[in-house]
1. Within segment C:427-449, can one find any residue that is away from chain B (no Cβ under 11 Å), surrounded by fewer than 18 Cβ atoms within 10 Å (Cβ to Cβ) and not in a loop (DSSP other than H, G, I, E, B)?
2. For segment B:105-112, check the following and say yes or no: at least one residue is within 13 Å of chain A (Cβ to nearest Cβ), touching a residue at least 40 places away in the same chain (Cβ under 8 Å) and out of contact with any strand residue (DSSP E or B) (no Cβ under 9 Å at 6 or more places or on another chain).
3. Taking C:Phe492 and the conditions (1) touching a helix residue (DSSP H, G or I) at 6+ places or on another chain (Cβ under 6 Å); (2) more than 24 Å from C:Glu311 (Cβ to Cβ); (3) not hydroxyl-bearing (Ser, Thr, Tyr), which numbered condition does it fall short on, given that it satisfies the others?
4. If you scan segment C:502-529, which residues turn out to be among the hydrophobic types (A, V, I, L, M, F, W, C) and assigned to a loop (DSSP other than H, G, I, E, B)?
5. Across segment B:143-168, what is the number of residues that are touching a residue at least 40 places away in the same chain (Cβ under 8 Å) and not polar (S, T, N, Q)?
6. Does any residue of segment A:52-64 turn out to be within 14 Å of chain C (Cβ to nearest Cβ), assigned to a helix (DSSP H, G or I), crowded, with 18+ Cβ neighbours inside 10 Å and in contact (Cβ under 8 Å) with a residue 24 or more places away in the chain?
7. Any idea which residue in segment C:384-396 is surrounded by the most Cβ atoms within 10 Å (Cβ to Cβ), counting only those that are at the interface with another protein chain (Cβ under 7 Å from one of its Cβ atoms) and not aliphatic (A, V, I, L, M)?
8. Where residues in segment A:284-296 are at the interface with chain B (Cβ under 9 Å from one of its Cβ atoms), surrounded by 21 or more Cβ atoms within 10 Å (Cβ to Cβ) and touching a residue at least 60 places away in the same chain (Cβ under 8 Å), which of them is farthest from A:Ile85 (Cα to Cα)?
Amino acid sequence: MSVQPASSPKQPPSLWARILDSDILASFLRSKVTMVAAVIVLVLFIGAAFSPWIAPTNPFDPATVFLADANIPPAWQDGGDPKFILGTDDQGRDLYSAILYGLRVSLIVGLLGVALAATIGITLGLLAGYLGGRVDSLIMRIADVQLTFPAILIALLIDGVVRGIFKGANREDTALYVLVISIGLSFWVQYARTIRGSTLVERNKDYVQAARLVGLPAPLIMLRHVLPNVIGPVLVILTINLALAVITEATLSFLGVGLPPTQPSLGTLISIGNRYLFSGDWWIVTFPGVTLAILVLAVNLLGDWLRDALNPRLR
Amino acid sequence: MLAFVLRRLFQSLMVMLAVALIAFTMFRFVGDPVNQMVGVDTPQEQVAQLRQTLGLDEPVVVQFARYIYNAARLEFGVSYQFRLPVISLLGERAPATLELAFMSALFSLLVGIPMGVYTALRRDSWLAKIFQTVSLVGISLPTFLIGILLIYLFSVTLGWLPSFGRGEVVKIGNWWTTGLLTGSGWKALILPSITLGLFQMTLIMRLVRAEMLEVLRTDYIKFARARGLRTRAIHFGHALKNTLVPVITIAGLQLGSIIAFAIITETVFQWPGMGLLFLKAVQQVDIPIMAAYLMLISFLFVSINLIVDLLYALVDPRLRATIGAH
Amino acid sequence: MSFKTHCLAAVAALALMCGAAQAQTLRYANQGELKSLDPYTVNETTTNAHLGHPYEGLTARGKDLKIEPALAEKWEISPDGLKWRFTLRKGVKFHDGSDFTADDVLFSAERVRATGSNFTTRIPTSAKFVKVDDHTVDVVLTAPNPILNAQWDTWYIMSKKWAEANNAVAPTPAAATTPSHASLNANGTGPYKIESHQPGVKTVFKFNENYWKKIEGNIKEIIFTPISSDATRVAALLSGEVDVIEPVPIQDIQRVNAAGNAQVLTGPELRTIFLGFDQTRDELLESSVKGKNPFKDVKVRQAFYQAIDIETIKSRVMRGLATPSPLMIAPELFPTAGFTRAKFDAEASKKLLAEAGYPNGFELGMDCPNDRYVNDGQICQAVVGMLARIGVKVSLNAQPKAQYFAKVLKPGGYKTSFYLLGWTPGTFDSHNVLYDILGCRDVAGSSRGESNLGNYCNKKVDELTDKILVESDTAKRNAMIGEAYKMTVDEFSYIPLHQQALAWGVSKKVKLAQRADNSVLLYYATKEQ
C-alpha cells in the first residue's frame, strides 16, 4: 500500500517548458546527422516555397512546354541539353523545374492533410480519453469504422462524392482537396488512439485530479493540462505522417486518383517516370524519387531527434 | 467483464451496420454500374431493362435494406463482371491475401522486433544507426516503386524470383489454396511479402525501440537492476515484456494497413488476392464486390479491435479497473 | 500450374514425355482479364480473341483479315440479294463429342439475338434462318445486305443440345444476377478446349485433338494469366515466365528487343484515334464562352485541327509507332490516298480563331481516358500544350476508362465538350464509321450516331450512308464512301489523329502471326522445343 503524498501534486512541465528546458540547441549541435537533416529539410522547404522564382521554367503552364523536348536526358549525358539540367519528362517539361513545383504541391498536400488529421485526431482523442463513457465509445467506434477505409478507399469515396455533387467536376480542380481530405480523414485515427491512450492514463494522475478539484472547466483542463503532456508522441507521428502523406499521394496517383499529370506533384512525377523505368529514361523516375526519399528521410531523422530531445528521461 | 464483452459485441454490430451504410451509399456515387456492363451500341431500352433487373431504379433505402438482409445471409449478390457469387469469388481469393498478409506480418515482426530491441539497447552503435537509416529509406519510397525495383532486380536482372502470381498452389480442403507447400509457392511469396511488410517492419522497429527506451528508464527496471538481476533477464524478461503491450495494439491495427497496402502490392505482383479483385472492382464499378469487400474487411477489423481491447483489459490492470468503472 | 501438378504425378511413369510436352505449353499474359466464357456476353476484341480458341463462327478471318470459310464450307447469295445459302461443314464435332448440325446454327442465331446478348447487331432482327437439311441453312433477308457476314467470325456457334442440357439457352447478360453455366464453361468446335477457368486469375486451354482442320501452330496447352501492371507484364516476359504478352508499352519496346530472349511484334492497328467536338449544344458544358457554342463554327474546328502537331505526337508520344490519319478509318480498310491532313500551322489557327471572334482564345474542358488507348493520357496532355499556344486554355480531365465512358457515352448523356476517343469499325467496313461516328443522332429510336458523341450532323452524309449499305457494286460503293468522307473532312467534323500501333511481346522461342485487329490467336503460334 503506497501512501499518497500530502503535498500538492506536481504537474509535469509543459511542452514548451520542456523545449526551453531541454537544451535543444546543444542537443542539436551535438548530432551531426540531425544538423544535416535540418539543412536538407530547410533547403527543400525553401526550394518548394520559392519555386516560381527559383525554377527556370514554369512546368504548369502548358504553353511554355514543348513536346519536341520530351525525354531529353540530363545535361551531362549524351544527347543532353544544358537548358535542362536534369533532363525532361515525357511531355518536355524541365525536370528540375517540375521537381521544385512538384515538391511544393506534395508538401502542400502533405502539410494540409496531416494538419487536418492531427486536428481531428487530437480533438477526438482528448474528448474520448478525458470524458470517457459514451463519448469515448462513440468516438472509438467511429475510429473502428474509419480504420476500415484505407486512404485509397477514402480517396475514391471523396472523389466519387465530389463528382456526384458537382456533376462533371474536373479532377484538375478537385484533386488537391480530395487528397487533403482523404489524408486527413484516413490518418486521424492514429492521433486519436495515441492521445486517448495517454489521456486515459494522464487523467487519473494527481495534477489533473487537482485541477478538477479546483473547479477548472473540462476544456481548459484538456487543453492546458492534459494536452501538453500527451502531445509528445504526436510530434513523432506528425513527422512520420508527413512522409506517409507524400507517399500516399504518390500511390494514389499510381492508382489513378492522385494529382493530375498536368500539374504533377512529386508523386505524380514518380508514377510518370515509373512508366519509363525499363525503357532507359531513368532520370524521370530517379530524380523525383531521390528527392522524395531524401525529403522523407530528413523529416524522419528530424522527428527522431525531436522525440529524443523532448523526452527528458532520455537525456 | 461479461457485460463489457456484451456491450462491445453490440457496439461492433452497430459498427458493421454503419459500415454497410457507408459502403452502400458511397458506391452509389462512384459511378453507374450499368455503363460498365453494356457495350457502346446497346439499345436504350435494354439499358433501362438492365436497371430494372438490378433493382437500380428503386429508392436507395429499399436497395440498402435489401442489401443488409442479403448480407446477413452471407449473400452479397453476383459480381457484375464475373457473373459469379461474390462470396465465392472472395472466398477463392481470400487465401492468397491472407497468406500474403500473414507472411508479411511475420516478416515485419521477426525482423522488426529484434531490430527495435537492438537499436534500443545499443543506441549509439554503428549497426543501430545503419538499421535506423536503412529502414527509413525503406519507408521513404512508395510501395509500388519498391515492388517494381525488387522485380527489376530479382526477376529481370538476376532471374532468381518470379515477378508475378502465386506459383504452384496446392488445394487444401474445399476452398483453401496454399503456396506454402511448394518451392515455387515459397519463391513467389518472397518479393510480395517483403514489399508489403517493409513499411510495417520499420514501424514496428521504431515502436519497439521507442517503447524499450521508455521502459528502460522506468523505476521498475531501475529497481530490477538494483535487485541485481542479470541484464539479459531485465532486457528480455521485463523490458521487452512490457514493451509488447503497445506492440499488440499496433500489430493488430497494422493488419488493416497491411490489407490496405495489399491492394497495391497485389497490383504490382499480379497476386490473385482480394486486393486485386477489389481494385479491379473499383475500376469497373462492380458494386457487389466493393461492398462485400468492405463488409469483410470491416468484420475483420471490428473483430481484431474487439480482441485487442479485450487483451488490453487483460494485460493492463490499470485499464481493467477503468473498464470496470464504465 | 495444374499441368505441372500432372507432371509431378506422372513423374514415376513417364518423366521424359512430360518434358517433351512441356515445351508445347505456351504461357500468355494480357493486360485484360477473361471474365466470361459465354461468347455473347461482352463484345470486346480481347475477349473475342480468347473465345476464338474454344469457339468458331460460320466464317473466320484469316491472318490478313480476309473472310474465309470455317463452319460453313461455302455460301451463295441469290441474285436479288435476299437469300444467302450456307453449306455447313460435315463431320465437325463439339468438344463434348456431339455433332455440329444446322440446328446448332439456328439455335445460335436465336441466342445471339436474344435479350441479354451484347452481339445483337451481328444479325439483322428481320433475318430468318431456315433449315434446308442437316448441313444447309438459308438466311432470308427483307433487304439486301452485302455485309451480312462481315462480323460472323466472332459470332460463335454454340451447341443446342449442350445449352439445353445445361440451362444455358438464354445468353448470359452482362448483368446476370445468377451464375450461368455458359459463362464458366465452354463447348465449342474450336481448336482448343477449356481445361480450367478461374475468372480473373488463370485460364488453361488444351488442344482439341479432334479438331477438323490441321492448325498452323504446335501449341498443346495455353496458360493464360491476366497481368494488368505494365512493368510486371514486361518483367514476366523478360524473365521468361511468360512467352507472349499483349500489349507491350511502346516505350519498353526497345528494352524488350535488346533483352535478347524476346522481341516485339509491331504493326499498324485498325483503330483510329481522334478528337471530337460537341457541335450540338447551344452552349458548351465546360467552357468560358457563354451563350453560344464555338464548335458550331467550322473555323474554330479548323483552328483546332491545324493547331495539332501530329508529327511531334507521333515521334515523341508514340515513338514513331503511329500512322497519322486524314480519315476516321484506317488505310487498310479504305484507301485514304485521295485525302491529306490539314497542315499543322499554329499561326493560321490563331488567325482562324480571331476571325471566328476569339482573338484571345477561350477556356475549355477536355475529357480523356488514361488507360484505354496507347499513351492516351500523354496524347491529351500534348494536345493541351498545343492548344495553349493558340490561346485556348484547356482544363484536362484525364480519367480511368470506366469513369470516362460513364461520362461521355450515351448512357451518361454525352457530357463532354471536347474529347479523345478511338474507334475500330467492327465490320471492318466504312459503313460502320459513317453510321456510328458520322451519322446524325437526331432520329429518336434509331441507333444511328450512337457513338457520335458531339453529334456532328450532315443529312447528305446520312443519305449516302443508307445507299452505301445496300450497294453491292464495290467500285460504286467506294466512290460513294469517298464522297461521304470528303464532306465530313471538309467540314472538319473531327480531328482524326492516327492509327496506333500493335505491340506484342513474344519470346524468341515462339513464332506468331500478328493480326491487325489486335486479336492474339495462339493457334498460329509455334514454340520451339
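The values are calculated or read from the model by the stated rules, or taken from the named source; none is laboratory data. Just so we're clear, the structure is a prediction, and the values are computed from it rather than from any experiment. Here Cβ is always computed from backbone atoms with ideal geometry, including for glycine, and neighbour counts include all displayed protein chains.
1. No.
2. Initially, segment B:105-112 is screened for residues within 13 Å of chain A (Cβ to nearest Cβ), giving none.
Checking segment B:105-112: not a single residue is within 13 Å of chain A (Cβ to nearest Cβ), touching a residue at least 40 places away in the same chain (Cβ under 8 Å) and out of contact with any strand residue (DSSP E or B) (no Cβ under 9 Å at 6 or more places or on another chain).
3. Among (1) touching a helix residue (DSSP H, G or I) at 6+ places or on another chain (Cβ under 6 Å); (2) more than 24 Å from C:Glu311 (Cβ to Cβ); (3) not hydroxyl-bearing (Ser, Thr, Tyr), the lone unmet condition for C:Phe492 is (2).
4. So the first thing to find is which residues in segment C:502-529 are among the hydrophobic types (A, V, I, L, M, F, W, C), and the list is C:502-504, C:506, C:510, C:512-513, C:516, C:520-522, C:525.
Passing the criteria: C:Leu512, C:Ala513, C:Ala516, C:Val520, C:Leu521, C:Ala525.
5. Residues meeting the conditions: 9.
6. If we filter segment A:52-64 for residues that are within 14 Å of chain C (Cβ to nearest Cβ), which is where we start, we get A:57-64.
Adding the requirement that they be assigned to a helix (DSSP H, G or I) leaves A:62-64.
Those still in the list that are crowded, with 18+ Cβ neighbours inside 10 Å too: A:62.
Next, from what is left, pick out any that are in contact (Cβ under 8 Å) with a residue 24 or more places away in the chain: A:62.
Yes, segment A:52-64 contains at least one residue that is within 14 Å of chain C (Cβ to nearest Cβ), assigned to a helix (DSSP H, G or I), crowded, with 18+ Cβ neighbours inside 10 Å and in contact (Cβ under 8 Å) with a residue 24 or more places away in the chain.
7. Step one: list which residues in segment C:384-396 are at the interface with another protein chain (Cβ under 7 Å from one of its Cβ atoms), which gives C:384-385, C:388-389, C:395-396.
When the remaining residues are screened for being not aliphatic (A, V, I, L, M), the result is C:385, C:389, C:395.
On the way: C:Gly385: 23, C:Arg389: 18, C:Ser395: 17.
Out of the qualifying residues, it is C:Gly385.
8. A:Leu295
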